[in-house]
Amino acid sequence: MKWALTLTIMSLILTMISLQEVYSQGNIQIFQTAKDTDKRLSAVKPGIWSDAYQPTEGEPSVFIDPAVTFEKFLGIGGAFTDAAAETFYQLSPDKQQKLLKLYFDPAEGIGYTLGRTNINSCDFSSDMYTYVKEGDKELKTFDVSHDKKYKIPFIKEALKITGGKLKLFASPWSPPAYMKDNNNMLQGGKLLPEYYDTWARYYVRFINEYAKNGINLWGISVQNEPMAKQTWESCIFTADEETDFIAKHLGPVLHKNKMKNIRLIAWDHNRDLLYQRASALLKNPAAAKYIWGIGFHWYEIWNGGRQYDNVQLVKNSFPKTNLLLTEACNYPFSWSTFDQWHWGENYGENMIEDFNNGAIGWTDWNLVLDEKGGPNHVNNFCFAPIHVKTGENSIHLMNSYYYIGHFSKFIRPEATRIAASSNRAQLLTTAFRNADGSRVVVIMNKSDEKFETNLFIEGKRTMVSMMPHSIVTCVVR
């Protein structure tokens, strides 16, 4: 009897040692964010690996196959709008550094590597502005002094944190009013044909002026939301007009000015018309040769649809074209709904679906906004993953910050997407292999259920606990 008890104790000790070795060896780490808990990108203890290929009937399961590979990963980030920059400089210097680390430090934050900024003013600016004086067709008055107060310094602070590795692209919301048929930066309107070349040279001037100020742009998009007539800065380009502008004006002007390295992103609007616009642009050889990729937004989800299949259709039809989500945010802003869990789940679902359908990167909208969801000169207030109460010098993180972090912190640039699937509709998953060989598996549970799921990878199985309305990231080395 004593001998049997001794054997049992020894077995328990060996099991405990085995568990400790699995945990301390770091062959798998699990991080969790869950509703109605204090878990926010929190490390949780993983289970034991065992040999297994096949789940039992009915068991929730996620299957990863690293041998099947897809696109290279570009990165994840957010937008350096005027509103974000102005809000950033409302903080004290120590809080500014905290916010920078929250976004751009991969150890202390969520490791953003991608950014977007606006050319001329946008809705998330405190005022309307351009970089030239009225009627200046030759761009002799071009001056980015407006951006030197907040936006350029903010971007340069982020560049310091990332060691200069931040990929930044810029998008225009509208040309100056005198270049448009409605003589107004707001309410849509179109670029007048006699200003096509002037407007193309405008991008070149912007790129050069930012370079003079220590910011080398990685890319530009042609036009933010070219099919939307907005109460804020906007400009309409049909598919034929955008094709013509790229093929005969913007593309040649960039190349003439030795800017072949600037990635040109077309469309930059919702998924609903994504295939129609991509097809028109990419079937035209004169335009397609200048286009690095197709950008898209997510706002059709507020019109009753989540048209992820359009992303896949573009990828399947034009496999050499890069797909990049260029803008997304939750709205309308209200402190009373700040903590609602669905804000984060919007991000989790959209990011998983976009990556699985061929997107190589994901760019959120404003990096930070104030306690009103602005500043904004047209009262178009919305949420950002981080808000600042300017009167209190306080930083407030939404659950969307953590949901984004489950991807951006662990999936690093140059990772390769690998095959991932699940056997439950409420169990969303995507997976990548980083350049260092680590495999990153993101699993999201949208349901009210708590359950254990199998994680199968290369003939091994472990169990992952899924809390109700939760997201986990598993890093397997």
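Here are the numbers for this structure:
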item: Residue tally, condition of a type outside the set (K, R) and over 24 Å from V222 (Cβ atoms), over the stretch 135-187; result: 11
item: Complete set of residues in the stretch 278-305 that are in a loop (DSSP other than H, G, I, E, B) and either not β-branched (V, I, T) or not assigned by TED's automatic domain parsing to the domain that holds W343 (or both); result: K283, N284, K289, Y290, W292, W298, G304, G305
item: Residue among L428, L455 that is under 20 Å from the mean Cα position of the chain (by Cα) and not assigned by TED's automatic domain parsing to the domain that holds F355; result: L428
item: Residue check, N357 under 18 Å from the mean Cα position of the chain (by Cα), of a type outside the set (V, I, T) and within 19 Å of D268 (Cβ to Cβ); result: yes
item: Yes/no for G437 being within 18 Å of E59 (Cβ to Cβ) and either touching a Phe, Trp or Tyr at 6+ places or on another chain (Cβ under 7 Å) or not assigned by TED's automatic domain parsing to the domain that holds W343 (or both); result: no
item: Matching residues in the stretch 216-249 - criterion: being among the β-branched types (V, I, T), within 25 Å of N376 (Cα to Cα) and surrounded by 19 or more Cβ atoms within 10 Å (Cβ to Cβ); result: I220, V222, I236
item: Matching residues in the stretch 173-217 - criterion: being closer than 14 Å to F245 by Cα and touching a residue at least 40 places away in the same chain (Cβ under 8 Å); result: P175, K190, L191, Y195, Y196, D197, T198, W199, A200, R201, Y202, Y203
item: Yes/no for V441 being assigned to a strand (DSSP E or B), touching a strand residue (DSSP E or B) at 6+ places or on another chain (Cβ under 9 Å) and farther than 18 Å from T37 by Cβ; result: yes
item: Qualifying positions in the stretch 150-186 - among the acidic types (D, E) and closer than 20 Å to D364 by Cα; result: E157
item: Residue check for E349: within 20 Å of the chain's Cα centre (by Cα) and charged (D, E, K, R); result: yes
item: Filtered residue count, the stretch 441-463, keeping only those that are within 16 Å of H406 (Cα to Cα) and surrounded by fewer than 23 Cβ atoms within 10 Å (Cβ to Cβ); result: 1
item: Scan of the stretch 350-364 for residues that are in contact with a helix residue (DSSP H, G or I) (Cβ under 9 Å, 6 or more places away or on another chain) and either among the hydroxyl-bearing types (S, T, Y) or over 19 Å from K315 (Cα atoms) (or both), ordered by number; result: D364
item: 2 or more residues at pLDDT 95 or above and either buried (at least 22 other Cβ atoms within 10 Å of the Cβ) or of a type in the set (D, E) (or both): qualifying helices (runs of 4 or more DSSP H) within the stretch 1-118; result: 82-88, 93-104
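For every residue, the table says whether it meets (1) surrounded by fewer than 19 Cβ atoms within 10 Å (Cβ to Cβ); (2) without any contact (Cβ under 8 Å) to a residue 12 or more places away in the chain; (3) in the same structural domain as D268 (by TED's automatic domain parsing).
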residue	(1), (2), (3)
H342	yes, yes, yes
I352	no, no, yes
A359	no, no, yes
L369	no, no, yes
K372	yes, no, yes
H387	no, no, yes
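Table: residues versus (1) farther than 26 Å from I265 by Cα; (2) hydrophobic (A, V, I, L, M, F, W, C).
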position	(1), (2)
V368	no, yes
E371	yes, no
I404	no, yes
S408	no, no
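The values are calculated or read from the model by the stated rules, or taken from the named source; none is laboratory data. As the structure is a prediction and not an experimental result, all values here were calculated from the model. For neighbour counting, all protein chains shown are included, and Cβ atoms are generated from backbone atoms with ideal geometry for every residue, glycine included.
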